[in-house]
Amino acid sequence: MRGLPAGRVKNEAVANIAYHMAEWDPAAAKDWVDQLPAGRARNDAIQRMIWPLSNSDPAIAAEMLESIGGSPQYTHMFSNVTRQWAQHDLEGALKWATGLTGLRAREQAISGLMDQWMQQDLAGATTFALEMPEGSQRRNLLGNLAGQHARQDPEAAINWAVKLAPEDQRHVAGSIISQWAGNDPVAAANYVAKLGAGELQERAVTSVVHAWANLDADAALAWVERFPPGSMRDNSISSLVGTWSHQDPERAESYLKSFPLGPQRDNLVANYVNAVGNNDPLQVIPWLRSIADEQRRNSTIETLARNWIHRDSAAAAAWIAQEPMPAEVRNRLLKSVEAQNRR
């Protein structure tokens with residue numbers, strides 16, 4: 001080792017030695033790496049050791065990882081350590097994870113042990129997540145917990161969700177209903193219909209419709225068409241047409257052909273054009289022209305054209321030149337064509 005010049009080859013050799021030592025004698029590996037001078041070689045050695053140590057002695061892995069954990073490129077490894085550690089010592093893994101001072105490292109460490117925690121103590125994991133400060137990790141954990149609750153007892157899970165604060169409800173109710181509806185859309189639909197009117201019910205209905213449409217579009221449509229006029233019905237129809245637009249464009253077209261003229265039809269057609277037009281712009285042009293509201297039609301023209309310009313600027317330019325549209329819209333789009341051609 002001493003004969004190797006400093007650099008990548010030596011760093012790789014040091015890391016390989018550390019890895020193999022960690023496999024057969026974690027304590028000796030730690031002692032050997034501890035005496036290495038600070039720098040890239042030592043950091044690479046610790047990084048290479050983490051996986052075998054996570055399986056054999058996660059406490060040592062955790063201690064060594066903390067010594068280099070301030071670097072962003074290493075923070076993802078905290079979840080590897082706690083994931084392995086929690087399988088046989090959840091309490092120890094949790095104590096270490098919550099005691100970390102670096103925000104990103106702590107988030108990664110908690111994320112790694114959460115699956116095991118939910119399996120062993122769902123109530124405890126839920127209490128912990130609800131006591132966390134507001135932020136993306138709290139929202140993500142609540143979403144995962146909602147899925148675990150739903151797998152055990154979806155009706156009990158949604159009963160739990162409706163007791164949460166409104167902000168938390170937004171993060172978990174949709175996840176629970178989507179999973180329930182994916183397994184038993186009729187039961188989920190019947191439950192959602194009993195919820196009191198409001199934002200929670202509207203969100204739940206949209207989740208049911210989206211999941212049900214993937215299983216039985218006719219049944220989902222029949223359910224939605226029984227709704228009274230209002231935002232819940234409109235949003236549900238929009239969800240159905242959106243699903244069809246991506247998965248079965250012919251079905252979407254068939255439904256839109258018989259849809260009454262008006263603002264909702266314009267919105268549905270615009271969403272259909274945006275979804276299908278990414279892959280086949282020529283197919284949606286007749287639908288684009290059928291949007292009655294001029295402002296909605298022009299905004300949809302711009303969206304379709306800009307996506308088309310990125311894929312085939314010559315074909316897009318030819319269409320822009322002859323398609324009826326306001327002069328200012330045409331000029332903006334032709335400038336986008338010029339900019340694309342200069343790249």
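Bear in mind these aren't lab numbers, they're just calculated from the coordinates by the rules spelled out. Since the structure is predicted, the reported quantities are computational estimates derived from the model, not experimental observations. Positions of Cβ are generated from backbone atoms using ideal geometry, with glycine treated the same way; all protein chains shown enter the neighbour counts.
Structural remarks
- Rounded to the nearest 500, the 222 nm mean residue ellipticity of the chain from helices alone is -25000 deg cm²/dmol, with -39,500 (n - 2.57) taken per DSSP H run of at least 4 residues.
- C-alpha long axis of helix 90-99 to longest principal axis of the chain, angle in °: 80
- The distance between label points at GLU302 and ALA13 comes to 6.3 nm (points 7 Å beyond Cα on the Cα→Cβ vector).
- Sorted by Cβ density within 10 Å, fewest first, the residues HIS246, HIS171, HIS149: HIS246, HIS171, HIS149
- Listed by chain and number, the lysines whose alpha-carbon sits under 29 Å from that of LYS10, ignoring those within fewer than 8 places in the same chain, are LYS30.
- The chain shape via C-alpha gyration tensor axes, a/c threshold 1.5: oblate
- Difference of contour (0.36 nm per residue) and Cα-Cα distance, GLN35 to ASP216: 58.7 nm
- Within a straight-line Cα-Cα reach of under 30 Å, LYS163 can be paired with the following lysines, leaving aside sequence neighbours fewer than 8 residues apart in one chain: LYS95, LYS194.
- Here the gap between SER231 and GLN120, fully extended at 0.36 nm per residue and compared with their Cα-Cα distance, gives a gain of 35.8 nm.
- 0 to 90° range, to nearest 10: angle between helix 313-322 axis and the chain longest Cα axis: 20
- Derived scalar couplings ³J(HN,Hα) [region 212-223; Karplus, 6.51 cos²θ - 1.76 cosθ + 1.60; whole Hz; x for Gly, Pro]: 5, 4, 6, 9, 7, 4, 5, 5, 4, 5, 4, 5
- Förster radius 25 Å - calculated FRET efficiency between VAL186 and GLN264, Cβ distance, rounded to 0.05: 0.40
- Relative packing of 293-304, 52-63, which averages over residues the other C-beta atoms within 10 Å, highest first: 52-63, 293-304
- Pair ALA165, GLU199: separation of 7 Å Cα→Cβ label points (nm): 1.3
- 20 Å Cα-Cα reach of LYS257 towards aspartates and glutamates, excluding residues that sit fewer than 8 places from it in its own chain: ASP218, GLU225, ASP234, ASP248, ASP266, ASP280, ASP293, GLU294
- Crossing angle, helix 294-311 versus the chain [Cα axis fit, 0-90 degrees, rounded to tens]: 50
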